[in-house]
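Take a look at the structure set out below.
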Amino acid sequence: MILYTMMPYEQVFPHSEEGAVSQVMISYNGIPIMAEWTENHEYRVVRVMSTDPNHYMEPSCLPGSTITLT
């Protein structure tokens with residue numbers, strides 16, 4: 001099987017079932033991102049999933065930053 005994807009190997013084939021379940025795809029200010037739910041009831045940005053280069057320059061969507069959805 002050949003799989004052509006921009007996703008890293010660990011994202012497509014996670015080591016554990018728990019790691020894949022905690023990550024969700026959300027839209028934050030119109031920017032699609034992969035985020036992880038934290039214990040502080042916030043989302044931690046894992047990856048920007050947009051094809052627009054300007055979305056990668058948005059400081060609130062940098063990988064590792066935390067966001068809250070209201």
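Worth pointing out:
- Qualifying residues in the range 16-30 (those that are assigned to a strand (DSSP E or B) and open to solvent by less than 100 Å² (accessible area, probe 1.4 Å)) - the one modelled with the lowest pLDDT: Q23
- Of all residues in the range 44-64, those that are part of a strand (DSSP E or B) have Cβ atoms under 7 Å from Cβ atoms of residues that are open to solvent by less than 70 Å² (accessible area, probe 1.4 Å) and of a type in the set (S, T, N, Q), 6 or more apart or on another chain, in R44/T38; V45/S65; V46/Q23.
- Residues that are acidic (D, E) and over 17 Å from E10 (Cα atoms), drawn from the range 28-70: E39, E42, D52, E58
The values are calculated or read from the model by the stated rules, or taken from the named source; none is laboratory data. Small disclaimer: the values here were computed from a predicted structure and weren't measured. Note that each Cβ is placed from the backbone with ideal geometry, even for glycine, and that neighbours are counted across all protein chains shown. To get the accessible areas, we keep the full protein, side chains included, count just its heavy atoms, and leave off ligands, DNA and RNA. Shrake-Rupley method; radii C 1.70, N 1.55, O 1.52, S 1.80 Å.
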